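To start, the structure under review is shown below, and the notes come after it.
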Amino acid sequence: MKKGLFITFEGLEGCGKTTQAKMLFDFLIKQKIPSIYTKEPGGTKIGDKIRKILLDQKNDGMDYKTEMLLFLASRAENVRLIILPALEEGKIVISDRFYDSTTAYQGCGRGIDLEIIKNLNSLVVGKAIPDLTFILDIDPYEGLKRSASFGNSSEMRFEEEFINKKIIRGKLFLERVRQGYYQLSQEESGRIKTIDANRSKEDIFEEIVKIVKRKIRNSI
Ligand code: TYD
C-alpha cells in the first residue's frame, strides 16, 4: 500500500521549477522529514542514458513517437526503482517533472493523441499518481531567456529547437504546452496548483511551503 506523499513540479523551460523542487527537498530534510528528490527524464541508470539520447542536439529530427516512448521508458524505470519504493517506505517523493510533462509537451505540444498518452502514462506509473503538483507558470519567451543563460550546452536539444530552428513553430509549440498545462490544471484542480513564476524565488517558495504543509497536515 502507498503510504508516502508524491509531489511533482512542472512548467516550461526556465520557470524555476528545479530551484523550487530542490529548495523544498532541502527544507523537508532540515525538518527531518524523510524525502527524496528525483527528476525526469533521468533519475536512474537507464533513465540517465535515455536522457542523453533525448536531449542530445545531434538527435535533432527524432520522430515524435520515438521521443514520447523514450520519456515513458525513462519514467517506467524511475517509478519502479525510485518512486514506488520510497513511497512504500512512507517518504515524501519530489519529482522534477513527471507524467503531466508528457501530456503537455508530447500531447498538447506535439499533437500526439491525448487518449493514447493517458493510457501509456497509466500503464507506466501504476499506483505512483502524484498527490500534489505545482505548475510554475511563466511566459514562454521569458522562460527561454532565463534557461538559455544557464543551460548545459550539451543538453539543449529542446531549447535549441524552440529558440533557433523553428522560431515561428517554436513559439506556437511552447504556447500550446502552456495551454496544455492550463487545461490540466482546470481538469484536476484538486491535485494541481498553478503558481505565478514571475516573482522572486523566495516569494514563490513561501507559497509552495504553505501548500505542502497543509497537504502534510491533511494526509496524517
Ligand atoms: P531538462 O534539461 O530536464 O529541462 P527542464 O529543466 O526544463 O526540465 O529537459 C527536459 C526537456 O524534456 C524539457 O524541454 C521538457 C521535455 N519533456 C518532454 O517533452 N516530455 C516529458 O515527458 C518530459 C519528462 C520532459
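The values are calculated or read from the model by the stated rules, or taken from the named source; none is laboratory data. Quick caveat: nothing in here was measured; it's all calculated off a predicted structure. Don't worry about glycine lacking a Cβ; one is built from the backbone with ideal geometry, like all the others, and counts go over all protein chains shown. Accessible surface areas use protein heavy atoms only, side chains included; no ligands, DNA or RNA. Shrake-Rupley method; radii C 1.70, N 1.55, O 1.52, S 1.80 Å.
Of the residues Gly107, Gly90, only one is at positive phi and in contact (Cβ under 8 Å) with a residue 24 or more places away in the chain; which?
One residue alone meets the criteria, Gly90.
List pairs: first in segment 21-37 and closer than 9 Å to Ile92 by Cα, second among the basic types (Lys, Arg), Cβ under 6 Å, 6+ apart or cross-chain?
From residues that are closer than 9 Å to Ile92 by Cα, the pairs are Pro34/Lys91; Ser35/Lys91; Ile36/Lys91.
What's the number of the condition Arg75 fails, among (1) within 14 Å of the ligand (Cβ to nearest atom); (2) of a type outside the set (A, V, I, L, M, F, W, C); (3) in contact (Cβ under 8 Å) with a residue 60 or more places away in the chain?
In the conditions (1) within 14 Å of the ligand (Cβ to nearest atom); (2) of a type outside the set (A, V, I, L, M, F, W, C); (3) in contact (Cβ under 8 Å) with a residue 60 or more places away in the chain, Arg75 misses (3) alone.
Check whether at least one residue in segment 67-79 is touching a strand residue (DSSP E or B) at 6+ places or on another chain (Cβ under 7 Å), open to solvent by 40 Å² or more (accessible area, probe 1.4 Å) and under 19 Å from Thr133 (Cα atoms), and report yes or no.
Taking every residue of segment 67-79 in turn, none turns out to be touching a strand residue (DSSP E or B) at 6+ places or on another chain (Cβ under 7 Å), open to solvent by 40 Å² or more (accessible area, probe 1.4 Å) and under 19 Å from Thr133 (Cα atoms).
Residue by residue through segment 186-216, note down the ones that are without any contact (Cβ under 8 Å) to a residue 24 or more places away in the chain and closer than 18 Å to Lys30 by Cβ.
Selection gives Glu202, Glu206, Lys210, Lys213.
If you scan segment 32-57, which residues turn out to be open to solvent by 10 Å² or more (accessible area, probe 1.4 Å), assigned to a helix (DSSP H, G or I) and not β-branched (Val, Ile, Thr)?
Lys45, Asp48, Lys49, Arg51, Lys52, Leu55, Gln57
For residues that are open to solvent by 60 Å² or more (accessible area, probe 1.4 Å) and more than 18 Å from the chain's Cα centre (by Cα), scanning just segment 3-31, find the one that is modelled with the lowest pLDDT.
So, considering only residues that are open to solvent by 60 Å² or more (accessible area, probe 1.4 Å) and more than 18 Å from the chain's Cα centre (by Cα), the one modelled with the lowest pLDDT is Lys3.
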